[in-house]
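The values are calculated or read from the model by the stated rules, or taken from the named source; none is laboratory data. Note that the structure is a prediction, hence the values are computed from the model and not measured. Using ideal geometry, Cβ is built from the backbone for each residue, glycine included, and neighbour counts are taken over all protein chains shown.
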Amino acid sequence: MNISEYSQYDRIIKDCFWDSNLKAEDIDTMLRSGDKRTQKYLFEKVLINSTNMLADLGLFNRDKLLSLMKEYRIPEFNREYIFRRKNAAEVCLFDVPLLIDELKWIV
């Protein structure tokens, strides 16, 4: 883990795990984990709470991230907010069509 990753992990903890006692090493371990449940937990926390979502999602293995995106079901709570964040990430990271009407270009 290099210095920039360490500070990024600290920000993830501040944004997403403010109610936990995690350390930067814990985030690194979660990212490298082969456990699908652990990966899903970290993905959801970053998707919903990160102040630098695209950079933080970029820490995930690209194939794992695509799988997590496809499998993620948007909850009823904060549905519109989470839908927008998820679609924005998909557009930027995986070239998925933009579904947020007010952000589409009118031609």
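When segment 35-49 is examined, which residues are found to be polar (S, T, N, Q), surrounded by fewer than 20 Cβ atoms within 10 Å (Cβ to Cβ) and in contact (Cβ under 8 Å) with a residue 12 or more places away in the chain? Walk me through how you get there before you give the answer.
We begin by selecting, within segment 35-49, every residue polar (S, T, N, Q); these are 38-39, 49.
Add one more test, that the residue is surrounded by fewer than 20 Cβ atoms within 10 Å (Cβ to Cβ), and what stays is 38, 49.
Scanning segment 35-49 gives a single hit, ASN49.
Just one of (1) farther than 15 Å from ALA88 by Cβ; (2) in a loop (DSSP other than H, G, I, E, B); (3) modelled with pLDDT of 95 or more trips up THR51, so point out which.
Condition (1) is where THR51 drops out.
Consider segment 17-28. How many of its residues are part of a helix (DSSP H, G or I) and surrounded by 15 or more Cβ atoms within 10 Å (Cβ to Cβ)?
4
Taking segment 24-60, which residues are under 15 Å from ASP10 (Cβ atoms) and among the charged types (D, E, K, R)?
GLU25, ASP26, ASP28, LYS45, ASP56
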